[in-house]
Amino acid sequence: HEIIKFVKDTLFALIMGQITQDQFLSSCSEFVTLSEAAGDNWEIVKDGTNAWIQRTAVIHVTKHSDDSEDIDEDILLQSVDKTVDDDDSNTIEVKADTTEQISCKYEVHYSPSYAVPVLYCRFWTCSGQMLSLEQVWSLAPLPARGWDRLSMAPHPVTGMPWVQVHPCQTRQVADLMISSSSSSSKCNYIVTFLSLYGQAVGLTISTKYAHRF
């Protein structure tokens with residue numbers, strides 16, 4: 001009965017476009033359990049009265065070579081390093097794509113003001129240089145790009161500047177959750193949230209999550 005009540009309360013809150021902090025923490029706990037099975041290393045972090053989920057990862061970004069060295073060139077997210085044949089590396093007439101290793105940290109915090117989760121992230125190179133907002137924006141696939149979705153904002157705990165995916169259009173998350181809950185499977189709120197909002201910073205959710213419901 002408690003589980004049924006929790007689900008009903010969650011759906012009611014989502015219809016209103018909001019969730020409580022307790023519902024957020026419960027969804028985070030379930031999500032981390034799912035993450036352990038999926039193998040993508042999300043974890044819960046607690047600092048006093050604050051609690052959130054985070055993930056640190058390394059991605060490889062391939063910059064496609066052309067005659068320009070402009071930093072505005074397109075950036076394509078890659079899951080593996082590009083390999084170059086020895087013959088190609090010795091041929092000065094052919095330019096190979098260059099792959100750069102980028103470290104990234106994603107955090108999902110609860111916003112008391114909006115009563116919804118908020119996604120924060122930071123990206124930095126091997127030299128420790130932080131990626132600019134424009135470079136982070138370029139990591140997203142073209143359909144998910146939008147300047148109105150990203151902004152620099154103070155981290156809710158440290159106050160340091162992080163990239164924030166603005167917590168707008170929560171009604172879309174609610175609609176996805178409600179339609180999912182009407183089926184025989186129950187969808188985790190955080191899975192749906194990251195599937196929708198993570199795209200803005202090139203963050204994708206493994207299909208393994210779908211197999212857990």
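Being touching a residue at least 40 places away in the same chain (Cβ under 8 Å), open to solvent by less than 30 Å² (accessible area, probe 1.4 Å), among the hydrophobic types (A, V, I, L, M, F, W, C) and closer than 23 Å to Ile190 by Cβ narrows it down to one of Val157, Val165, so name that one.
Val165
The rows are residues; the columns are (1) open to solvent by less than 70 Å² (accessible area, probe 1.4 Å); (2) at pLDDT 85 or above.
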site: Val58; (1), (2): no, yes
site: Glu69; (1), (2): no, no
site: Asp72; (1), (2): no, no
site: Ser89; (1), (2): no, no
site: Asp97; (1), (2): yes, no
site: Glu107; (1), (2): yes, yes
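Just the residues that are under 16 Å from the mean Cα position of the chain (by Cα) and either outside any strand (DSSP E or B) or modelled with pLDDT under 90 (or both), please, taken from the stretch 121-141.
Across the stretch 121-141, the qualifying residues are Leu131, Leu133, Gln135, Val136, Trp137, Ser138, Leu139, Ala140, Pro141.
I'd like the residue in the stretch 132-143 that is open to solvent by 30 Å² or more (accessible area, probe 1.4 Å) and touching a Leu at 6+ places or on another chain (Cβ under 9 Å) and, out of all such residues, is farthest from Thr204 (Cα to Cα).
If we take residues in the stretch 132-143 being open to solvent by 30 Å² or more (accessible area, probe 1.4 Å) and touching a Leu at 6+ places or on another chain (Cβ under 9 Å), then Leu133 is farthest from Thr204 (Cα to Cα).
Residues Ser180, Ser103, Ser151: which one is open to solvent by 10 Å² or more (accessible area, probe 1.4 Å), over 24 Å from Thr62 (Cβ atoms), modelled with pLDDT of 90 or more and not in a loop (DSSP other than H, G, I, E, B)?
Exactly one residue qualifies, and that residue is Ser151.
Given the conditions (1) closer than 18 Å to Gln101 by Cα; (2) β-branched (Val, Ile, Thr); (3) crowded, with 18+ Cβ neighbours inside 10 Å, report the number of the one that Thr125 does not fulfil.
For Thr125, the failing item is (3).
Name the residue, out of Val191, Val118, that is part of a helix (DSSP H, G or I), open to solvent by less than 40 Å² (accessible area, probe 1.4 Å) and at pLDDT 85 or above.
One residue alone meets the criteria, Val191.
The values are calculated or read from the model by the stated rules, or taken from the named source; none is laboratory data. Everything numeric here is computed off the predicted structure, so don't read it as measured data. Quick reminder, even Gly has a Cβ in these numbers, built from the backbone with ideal geometry, and neighbours come from all protein chains shown. Surface areas here come from the heavy atoms of the whole protein model, side chains and all, with no ligands, DNA or RNA. Shrake-Rupley method; radii C 1.70, N 1.55, O 1.52, S 1.80 Å.
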